[in-house]
Amino acid sequence: MTTPIIVSTGFEGGSAILTGIDGDHVRIRLRPDGDSPDFNWFYLRVSGVRGRDLKVSIENASDLSRLAGREEVPDCWTGYRPFVSDDLANWRRSDASYSDGTFTMFPQPVGDTVWIAYYPPFPMARHDAMIARAVNDPRCRLETLTTTPDGNDIDLLRIGTSGEGKPKAWIIGRQHPSETMAGFFAEGLLKRLLDPADGLGRHLCETLDIFVVPTVNPDGCLRGNTRMNARGMNLNRAWRETDPETAPEVAALRERMRAEGVDFCLDAHGDEELPYIFLGGPLEIPSRSDRLARLFRDFATALGKATPAYSLSDPYPGGPPAEADMRMAWNSIAEEFDCLSILLEMPFKDCHRDPDPDMGWSPDRCARLGASMLDAIEAVRPKLRPAG
Ligand SMILES: [Zn+2]
């Protein structure tokens, strides 16, 4: 007699609704994220699988919405392979297929328990470890931006010191909980920035006043949400006329930005559909200018030189909008502070410029991109403040 299969999501970031188990076949549904049409995130543990030919199907895979005007980009499941771990330390991609609205995964477990996730989780313990490493550096200090409705602190890491004419550079991430690549990205960026043997890292710590908020939405991360915070708000749609009741995270962040100033901001995200890295610049905001367009082009060009994974020629998905969506952080910040504010989107799939058939766009590559980002920041650093 074989042991029964047990499916669990009762842990940090866990999310899936079990609908049935037939032999070696587990059927789940993605859990809706408030009333959002985006609920890609899944993260589940399956036990009792030793020796089984395990198959896990997502029955409502085709219920996800698609962004308008993206007909030239495949949907999120086409070309995507899920992540599997046998020990929560190492993650690999697994084979999968998508047909008739069902996405089916073939995890090939090694032991008796396997974890399956949309992207490798970046748990809060890993966030805490990243912060703890940073604050051991005498150039860093830690502040609490605010405490969330679920009682979690939002950490603000201050690096360097303010000084006359020093640009204020902000790096933020994980407004969207499921986009865990933003955590790995921040880890890689901080590692290089604070590496005493890295000349560019040292130079940037001396010449910039740096603010890092790696996890803007800890409530959503802990709850295993795709986009939402604890109040059911998509924080990257909360930057116009921010309601402190529903989006206290954004209200606190914006208040602090107003108190300190912003000369540069990078907001790290992941994109479910794009098979490439995308940078959005302040090109469509009402007060767009040649200065901001030039800064963006210089930044993007420098990133393309720093890593073969990025090119400015990868298009705005669906074409650039006629008008910027001012509910989004990058646009709202660019408009208010007349600064270079950038949206970074990393793929869940692979990066078609520099593909890795085995791992696709992996956490390690997110971290390396974070390190490469310092080259792009340095390329624009002397010009971040308007002359005069
Ligand atoms: Zn996002």
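The values are calculated or read from the model by the stated rules, or taken from the named source; none is laboratory data. All of these numbers come straight from a predicted model, not from anything done at the bench. Counting neighbours? That spans all protein chains shown, and the Cβs are built from the backbone with ideal geometry, glycine included. Quick note on the areas: whole protein, heavy atoms, side chains included, nothing else; ligands and nucleic acids left out. Shrake-Rupley method; radii C 1.70, N 1.55, O 1.52, S 1.80 Å.
If I model the stretch 135-293 as equal point scatterers sitting on the Cα atoms and use the Debye formula, what is log10 I(q)/I(0) at q = 0.14 Å⁻¹?
-0.77
Once the whole set of protein chains is in place, how much accessible area is left on Asp75, using a 1.4 Å probe, in Å² to the nearest 10?
Approximately 40 Å² of Asp75 is accessible to the 1.4 Å probe.
In sequence order, what are the phi-derived ³J(HN,Hα) couplings for the stretch 53-60 according to the Karplus relation 6.51 cos²θ - 1.76 cosθ + 1.60 with θ = phi - 60°, rounded to whole Hz, with x for glycine and proline?
8, 5, 9, 10, 10, 9, 6, 9
Using a cut-off of 17 Å between alpha-carbon atoms, which aspartates and glutamates can reach Lys383, once sequence neighbours fewer than 8 places away in the same chain are excluded?
By straight Cα distance, Lys383 reaches Glu164, Glu206, Asp209, Asp263, Asp290, Asp298, Asp338, Asp375.
Please report, in debye to the nearest 20, how large the charge dipole of the chain is about its Cα centre when each Lys and Arg carries +1 at its beta carbon and each Asp and Glu carries -1 there.
640 debye
May I ask for the net charge around Leu204, where only other residues with Cβ less than 15 Å from the Cβ of Leu204 are counted and Lys, Arg are +1 while Asp, Glu are -1?
+1
Taking the Cα atoms of the chain, report the difference between the largest and smallest coordinate on each principal axis, in whole Å and largest first.
That works out to 78, 45, 42 Å along the principal axes.
How much accessible area does Thr207 have with a 1.4 Å probe, in Å² rounded to the nearest 10?
Its accessible surface works out to 30 Å², give or take rounding.
Exceeding 32 Å between C-alpha atoms, which entries from my cross-link table qualify? They are Lys166/Lys191; Lys166/Lys305; Lys55/Lys191.
Working: Lys166/Lys191 22 Å; Lys166/Lys305 25 Å; Lys55/Lys191 38 Å.
Result: Lys55/Lys191 exceed 32 Å.
So which GluC sites (Glu not before Pro) in the stretch 76-183 end up in coil per DSSP with only 14 or fewer other C-beta atoms within 10 Å?
Counting only loop positions with at most 14 other Cβ atoms within 10 Å, the GluC sites (Glu not before Pro) in the stretch 76-183 are Glu164.
Taking the Cα centre of each part, how many Å lie between the stretch 167-202 and the stretch 128-144?
Each part's Cα centre sits 12 Å from the other's.
Express in % the proportion of alpha carbon pairs of the stretch 6-117 at distances exceeding 22 Å.
Tail of the P(r) past 22 Å holds 30 percent of the pairs.
Let me cross-check Ser178: its accessible surface, 1.4 Å probe, with only protein heavy atoms counted, in Å² to the nearest 10?
For Ser178, solvent-accessible area is about 0 Å².
Please arrange Leu200, Leu156, Leu222 by accessible surface area, largest first, computed with a 1.4 Å probe and ligands excluded.
Accessible-area ranking of Leu200, Leu156, Leu222, largest first: Leu222, Leu200, Leu156.
How much mean residue ellipticity at 222 nm does the chain get from its helices, if each DSSP H run of length 4 or more adds -39500 (n - 2.57) and you divide by all residues, to the nearest 500 deg cm²/dmol?
Only helices count here, giving -8000 deg cm²/dmol.
List the residues, sorted by chain then number, that are 5 or more residues from Ser57 or on another chain and whose placed amide H is less than 5 Å from its amide H.
Result for Ser57 returns Val26, Arg27, Ile28, Met105.
Mind listing P(r) for the stretch 243-388? All alpha-carbon pairs, 10 Å bins, whole percents.
11, 39, 35, 14, 1, 0
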